[in-house]
Structure formats: structure tokens, C-alpha cells
């Protein structure tokens, strides 16, 4: 073991941070929790369940969010369901997401998920929102007014085609 490495509690070598001079984990506690949620989601996906059950799970997850994330999540859920009723709600890394043919197209990441100052609404590459050589696929949401709702609804409709 080199002098820049040290043993972790589990016996694996970890590199020391050159900047801070201490050891740091590769993932934050929030990121590790999201990965555990994703593992549970993949395990649950092995058993058949109805679209109604999946929607109840998404609404329950939104209901667990602190304000103002909860209110924004509820509005975004209604927006997506109205703009693209064929998209199927599901959980994705513990976040509300909406899928087509089993693949996530868009998702809501509440600010509380990773302790950020704003929530985001994002689209995966499956959404095919291509617009030239560069285009936005994630939108910071400090608040959600009528103008933002119209813009997101148009993008969701476009992504769901």
C-alpha cells in the first residue's frame, strides 16, 4: 500500500484526497440511499404489478417529500399525466419518473433528494428532444408557475411522441 492510500474499515484500500488530505467516500450518503432505492425498485420490478399500483407508489413517494417539493411534485405529476397520459408513472432511483415502453423519459428530482437549492425536471436520452448539436435536458425549478408549466408540458408531449 502506498503512503497515499490507507485501509478502510472494511479492509479495502482507499486513496487519500490530494486536496483535503483526508479520505473521502466516493458517494454521498444521499447518493448511496438513491442506489439502495434503485436496487429495491429493480427487485420489485421482477413481480408483475398494475399501472395503478405503480402510480400509487409514485404518489406515495411524492407524499413523503417535504414542502415545497411535495407541492411541486404533485403539480408536475398532474402536468405529465395530462400532457402525456400514455406515459407510465414509476419510481427511478427513488424519484417520480414517467416511462414509455418500460424506459424512463422524464423524472422529477426534488431539491431535498440531494440537498440542493432547487429541484430539477429532467429528460433521459430516450426523450429525443434533439435540437441541433446541443440542447437542454434538465431544468432547474426554483418555482413552478404557469409559464414553466406550459414549457414543460410542451416538452413532455414532444418527448412522448
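A compact table of results
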quantity	calculated
137, 156, 88 arranged by Cβ crowding within 10 Å, fewest neighbours leading	137, 88, 156
Sequence ranges 64-75, 100-111, ranked by mean other-Cβ count within 10 angstrom, highest first	100-111, 64-75
Label point at residue 64 placed 7 Å out along Cα→Cβ; residues across segment 73-90 whose backbone nitrogen lies under 20 Å	73-78, 89-90
Relative contact order computed over segment 29-160 (Cα-Cα under 8 Å; 6+ residues apart), in percent	22
Separation of the residue 74 and residue 43 label points, Cα + 7 Å toward Cβ, nm	3.1
Cβ-based exposure ranking for 120, 28, in which fewest neighbours within 10 Å come first	28, 120
Label-point separation, residue 114 to residue 135 (7 Å along Cα→Cβ), nm	2.3
Extension reserve of the residue 51-residue 147 stretch, reckoned as 0.36 nm per residue once the Cα distance is removed	31.6 nm
Per-residue Cβ neighbour rank within 10 angstrom, fewest leading, 31, 37, 53	53, 31, 37
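FYI, it's all coordinate maths here, none of it is from the lab. All values reported here derive from a predicted model rather than from experimental measurement. For neighbour counting, all protein chains shown are included, and Cβ atoms are generated from backbone atoms with ideal geometry for every residue, glycine included.
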